[in-house]
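The values are calculated or read from the model by the stated rules, or taken from the named source; none is laboratory data. Nothing here was measured: the structure is a model prediction, and the numbers come from that model. Cβ coordinates were reconstructed from backbone atoms using ideal geometry, including for glycine residues, and neighbour counts include every protein chain displayed. Ligands, DNA and RNA are excluded from the accessible area calculation, which covers all protein heavy atoms including side chains. Shrake-Rupley method; radii C 1.70, N 1.55, O 1.52, S 1.80 Å.
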Amino acid sequence: MSKSVFLDDLQVGQIWHGGPIEMTEADIIRFASEYDPQPMHIDTATAASGRFGGIIASGWHVAAVVMRDFVETAPFGDTPLLGLKIDDLQWRLAVRPGDVLHITREIVDIARSKSKPDRGVLTMRMTVTNQDDAVVMSFINLMQMPARPQ
């Protein structure tokens, strides 16, 4: 188990990278069949004749694999992750079978709570790109982080 990271250990401008995550057609169809069963995600024939010209991943699938990568790479050690909200979620480009995703996570703000000084809010910008460095998804994530015990 890796060490805990506290709000006080972090700095605005810090960056972590995640991925690569290869998106397969089988995974895209499996996820969408259960959680977002629209034809462009699950039906190859319908998707081929649709506006995207083939199967594309559900945006929620992309968000889920990005979350899994964050948990598995554990940039904050064994500190539990507690999401508060996501702002400005944008699915900017279709993710297709064979795409390889890379994630950049950047701290854009750190604010210690005035009413609860044992914690604070960390604001991170998440940018997900494909193998061509095109942005496929982006969002701002606010997370509660414990402060270092005094």
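Points worth noting:
- Any strands (runs of 3 or more DSSP E) falling wholly within the stretch 84-150 and containing at least 2 residues that are free of Cβ contacts under 8 Å to residues at least 60 places away in the same chain and not aliphatic (A, V, I, L, M): 119-129, 135-146
- Scan of the stretch 63-80 for residues that are open to solvent by 40 Å² or more (accessible area, probe 1.4 Å) and of a type in the set (D, E, K, R), ordered by number: ARG68, GLU72, ASP78
- Residue satisfying condition, being within 16 Å of the chain's Cα centre (by Cα) and either more than 22 Å from GLN14 (Cβ to Cβ) or open to solvent by 70 Å² or more (accessible area, probe 1.4 Å) (or both), within set ILE103, ILE86, ILE140: ILE86
- Qualifying residue in the stretch 9-32 (condition: within 19 Å of VAL136 (Cα to Cα), in a loop (DSSP other than H, G, I, E, B), touching a residue at least 40 places away in the same chain (Cβ under 8 Å) and among the β-branched types (Val, Ile, Thr)): yes
This table checks each residue for (1) within 25 Å of ASP8 (Cβ to Cβ); (2) in contact with a strand residue (DSSP E or B) (Cβ under 8 Å, 6 or more places away or on another chain); (3) open to solvent by 40 Å² or more (accessible area, probe 1.4 Å).
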| site | (1), (2), (3) |
| --- | --- |
| HIS61 | no, no, no |
| LEU82 | yes, yes, yes |
| ASP118 | yes, yes, yes |
| GLN131 | no, yes, yes |
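- Taking residues in the stretch 60-78 that are touching a residue at least 40 places away in the same chain (Cβ under 8 Å) and closer than 17 Å to ILE140 by Cα, and partners anywhere that are of a type outside the set (D, E, K, R) and in a loop (DSSP other than H, G, I, E, B), the pairs with Cβ atoms closer than 6 Å and at least 6 places apart or on different chains are VAL62/VAL95.
- Here MET124 fits the description: farther than 21 Å from GLU22 by Cβ, buried (at least 18 other Cβ atoms within 10 Å of the Cβ) and hydrophobic (A, V, I, L, M, F, W, C).
- Selected residue (criterion: farthest from VAL121 (Cα to Cα)) from residues of the stretch 41-59 that are buried (at least 18 other Cβ atoms within 10 Å of the Cβ) and among the hydrophobic types (A, V, I, L, M, F, W, C): ALA47
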